[in-house]
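Quick notes on the structure that follows.
Laboratory data are not the source of any read-out in this text; all were calculated from the coordinates shown. Computed from a predicted structure; not experimentally measured. Cβ sites come from the backbone with ideal geometry, for glycine too, and all protein chains shown count toward neighbours.
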């Protein structure tokens, strides 16, 4: 089963404080720690440093590699992930998620 790479990015609503953003990042890391058996590596990410002005307002982006399509689906449906998503979603002004298998075009 081939691995699945996820690219994820989001932008917070203007009203979300720096402390709330930090808290959500800490919670994200806990989600991946708890579900680490489903992934090969990650999440790896951070803020844009390109200087190209092409962020489209996204505040954070990261990548993670799941072991397979099946473990990606298991992650997506897990109560740990769903609980995090329920807390995060109201704070967001936009999100981008793209999952792919390397060299499948």
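According to the Cα gyration tensor, what semi-axes, each the square root of 5 times an eigenvalue, does the equivalent ellipsoid of segment 4-100 have, listed from largest to smallest in whole Å? Each step should come with its number before you reach the end.
Details: eigenvalues 100, 54, 26 Å².
Each semi-axis is √(5λ); the values are 22, 16, 11 Å.
Arrange the following residues from fewest to most other Cβ atoms within 10 Å of their Cβ: 50, 17.
Working: 50 7, 17 10.
Ranked by crowding around the Cβ, least crowded first: 50, 17.
May I ask for the distance between the Cα centers of segment 76-97 and segment 1-72, given as a whole number of Å?
Result: 11 Å between the Cα centres.
Any idea what angle helix 79-88 forms with the longest principal axis of the chain, computed on alpha-carbon atoms, 0 to 90 degrees, nearest 10?
Around 20 degrees separate the two axes.
Helix-only mean residue ellipticity at 222 nm, the chain, DSSP H runs n ≥ 4 weighted -39,500 (n - 2.57), per residue, nearest 500. What is it? Intermediate values should be presented prior to the final figure.
Details: 3 runs with 36 residues, N = 105.
Roughly -10500 deg cm²/dmol at 222 nm, from the helical runs in the chain.
Send over the Kirkwood Rh of segment 16-70, from the inverse of the averaged 1/r over different Cα pairs, rounded to one decimal Å. Don't jump to the answer; show the numbers that get you there.
On the way: mean 1/r = 0.0776 Å⁻¹.
Computed over segment 16-70, the radius equals 12.9 Å.
Provide the packing ranking of 3-16, 36-49, i.e. peptides ordered by the mean count of other C-beta atoms within 10 Å per residue, highest first. Intermediate values should be presented prior to the final figure.
Numbers: 3-16: 16.4, 36-49: 13.0.
The densest-packed peptide leads the list: 3-16, 36-49.
Within segment 63-105, list the residues whose amide N lies under 11 Å from a label point set 7 Å along Cα→Cβ of residue 41.
Those under the cut-off are 64-65.
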